[in-house]
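Visitor: Shown below is the structure under consideration.
The values are calculated or read from the model by the stated rules, or taken from the named source; none is laboratory data. Please read all numbers here as calculations on a predicted model, not as lab measurements. Cβ coordinates were reconstructed from backbone atoms using ideal geometry, including for glycine residues, and neighbour counts include every protein chain displayed. Just the protein is used for accessible areas: all its heavy atoms, side chains included, with ligands, DNA and RNA removed. Shrake-Rupley method; radii C 1.70, N 1.55, O 1.52, S 1.80 Å.
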Amino acid sequence: MHIAMVTETYPPEVNGVARTVALMAEGLCALGHSVQLARPRQHAADRAHAASGYEELLRPGLPIPRYTQLKMGLPSGRALARAWRERRPDVVHIATEGPLGWSALAAARKLGLPVASDFHTNFHAYSRHYGVAWLARPVAAILRRFHNRCDCTMVPTDEMAEDLGRLGFARRRVVGRGVNARTFSPDKRRAELRARWGAGEDGLVALCVSRFAPEKNFPLVLQAYEAMRRANASVRLVLVGDGPLLKELRAANTGTVIAGRLVNGELSAHYASADVFLFPSVTETFGNVTLEAMASGLAVVAYRYAAARQHIEDGVSGLLAEPGDGAGFIAHAVSLAREPALARELGSAARVAAEPVSWERITVDFEAVLRDTALARGGRRESAHAAA
């Protein structure tokens, strides 16, 4: 197939959506498909990348308020329609619901192209973390309108499919997320990193890798860490990420805060050099970091939600609290501070659970949904012609 992909975020931007879209594009090319990917130009020197079976179409963008390191694509319907008339794609995949995504949907519909979308971000759930909870229903309505104009919407878990179904989202297909167990591996553990964090080999390092933002529930991370320290004074905390709460987290002077993009093996080394992964977010559609932590051999403490619900067996490959049970989350974290051997046991089981969840397997599922979408729309078009 020739597949047109549209996204507002892409590496080297660091977030789960960017990583997922890039891995899916690479995977489709590896399966023999050709991909044209439209994305915002990230900086003045940014150039479109081209390789065998892959080309980029760069469009104008603007910095996102409070996230100036990310761009929001501007509407580009005419440019996309022109490119798609020159080489008609078999299917259009839209990963994000920004201005670029909306214009791509309009252009595809005008040309009669099959469209599959992805539900990557719970924007409607974010509103209560920014003091505008009243916006949740209007935002959900806007998202529903976007996705219901598509031929199908991919979601990462059965749980998310059910939640969106209750909100009126139609034609949902579940396509999970994966992890590269060669990149994220206990083998990447580095004693010198632990020493830099003030942790000996027998100490316990709690890690959180996340965007530094209100919706990620960082107050609970800090509360859990303080409780862990009271139970075991050797516990250290490492926070890896970037975002609007960076200054606030640094000012709290709690643990080691590492901001910026950790690439070329550095991120995987930071995972593997920790022992426990604290992730109390309840606004995830999936949470790729959960699988990355599991593959790295960490004991994950999370809510029974999204990736954790899908892949962790409570008490066997991690510890799960019920969503919203902050006291239960903290109690789980404290139990690992008191029993580092339990953390190692859970981490080993987490690694075993994560290893089979490869991106190669997920890409095959993604390909199947795109093919079904292309064939279904083609069938409807042929029926219309026959009736005429």
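Visitor: Please name whichever of 206, 36, 195 sits farthest to the positive end of the charge dipole of the chain, dipole taken about the Cα centre and charges placed at Cβ: Lys and Arg +1, Asp and Glu -1.
Guide: 36
Visitor: If we restrict to alpha carbons, what Rg and Dmax does the chain come to, in Å?
Guide: Using the Cα atoms of the chain, the pair Rg, Dmax is 21.5, 77 Å.
Visitor: In the full protein assembly as shown, how much of residue 10 is accessible to a 1.4 Å probe, in Å² to the nearest 10?
Guide: Spelled out: residue 10, probe radius 1.4 Å, area about 20 Å².
Visitor: Under a 5 Å amide H to amide H cut-off, with H placed in plane at 1.01 Å, what residues pair with residue 298 once short-range neighbours are removed?
Guide: Residues meeting the criterion, in which the H sits 1.01 Å from N, do not exist here.
Visitor: As an exercise, use a Förster radius of 45 Å and the Cβ-Cβ distance of residue 78 and residue 266 to find the FRET efficiency, rounded to the nearest 0.05. Working shown, then result.
Guide: Details: r = 41 Å, r/R0 = 0.91.
Plugging the Cβ-Cβ distance into 1/(1 + (r/R0)^6) gives 0.65.
Visitor: Let me ask something else about it. Mean separation of Cα pairs under 8 Å and 6+ residues apart, divided by the residue count of the chain: what relative contact order is that in percent?
Guide: Working: 763 pairs, mean separation 58.3, N = 388.
Dividing the mean separation by the residue count of the chain yields 15 percent.
Visitor: When the convex hull of the Cα atoms of region 155-201 is projected onto a plane and the area is averaged over all directions, what value comes out in nm²?
Guide: Details: hull surface 22.7 nm².
Quarter of the Cα hull surface area: 5.7 nm².
Visitor: Roughly to the nearest percent, how much of the accessible area of the chain is carbon and sulfur, given a 1.4 Å probe? Write down the numbers at each step before the final one.
Guide: Numbers: 8800 of 16610 Å².
After summing per-atom areas, the C and S share lands at 53 percent.
Visitor: Shifting gears a bit: Mind grabbing the accessible area of residue 197 for me, 1.4 Å probe, Å², rounded to tens?
Guide: Spelled out: residue 197, probe radius 1.4 Å, area about 20 Å².
Visitor: Can you tell me the dipole magnitude for the chain around its Cα centre, using point charges on the Cβ only (Lys, Arg +1; Asp, Glu -1), in Debye to the nearest 20?
Guide: Working: 48 positive and 39 negative charges, 284 e Å.
Dipole about the Cα centre, nearest 20: 1360 debye.
Visitor: Per residue, how much accessible area does the chain have with a 1.4 Å probe, in Å²? It would help to have the intermediate numbers written out before the result.
Guide: Values: 16610 Å² over 388 residues.
Using a 1.4 Å probe on heavy atoms only, each residue of the chain averages 43 Å².
Visitor: Above 14 angstrom, tally the Cα pairs of region 134-175 and express them as a % of all pairs, no decimals.
Guide: Details: 379 of 861 pairs.
Summing the P(r) of region 134-175 above 14 Å gives 44 percent of all pairs.
Visitor: Based on the Cβ-Cβ distance from residue 253 to residue 137, what FRET efficiency comes out when R0 is 51 Å, to the nearest 0.05?
Guide: Details: r = 39 Å, r/R0 = 0.77.
E between residue 253 and residue 137, to the nearest 0.05, is 0.85.
Visitor: Considering the options 140, 288, 358, tell which one lies farthest towards the positive end of the dipole of the chain, charges being +1 on Lys and Arg and -1 on Asp and Glu at the Cβ, about the Cα centre.
Guide: Comparing the listed Cα positions along the dipole, 140 ranks first.
Visitor: Between 88, 173, 236, where does the largest GNM mean-square fluctuation fall for the chain, given springs only between Cα atoms within less than 10 Å?
Guide: Largest GNM mean-square fluctuation: 88.
Visitor: Right, another one. Please give the direction-averaged projected area of the C-alpha convex hull for region 273-388, in square nanometres with one decimal.
Guide: Working: hull surface 36.9 nm².
The directionally averaged projection comes out at 9.2 nm².
Visitor: Within region 349-379, what residues put their amide N at less than 17 Å from the label point 7 Å along the Cα-to-Cβ vector of residue 1?
Guide: 360-379
Visitor: What accessible surface, in Å², does a 1.4 Å probe find on residue 258, ignoring ligands, DNA and RNA and rounding to the nearest 10?
Guide: 30
Visitor: Sequence-distant or interchain residues sharing an amide H contact under 5 Å with residue 172, placed H: which?
Guide: Long-range HN contacts for residue 172: 153.
Visitor: Kindly sort 215, 284 by accessible area of their heavy atoms, largest first, with the probe set to 1.4 Å. If you can, show how the numbers build up before the last one.
Guide: Working: 215 0, 284 25 Å².
Largest accessible area first, the residues go 284, 215.
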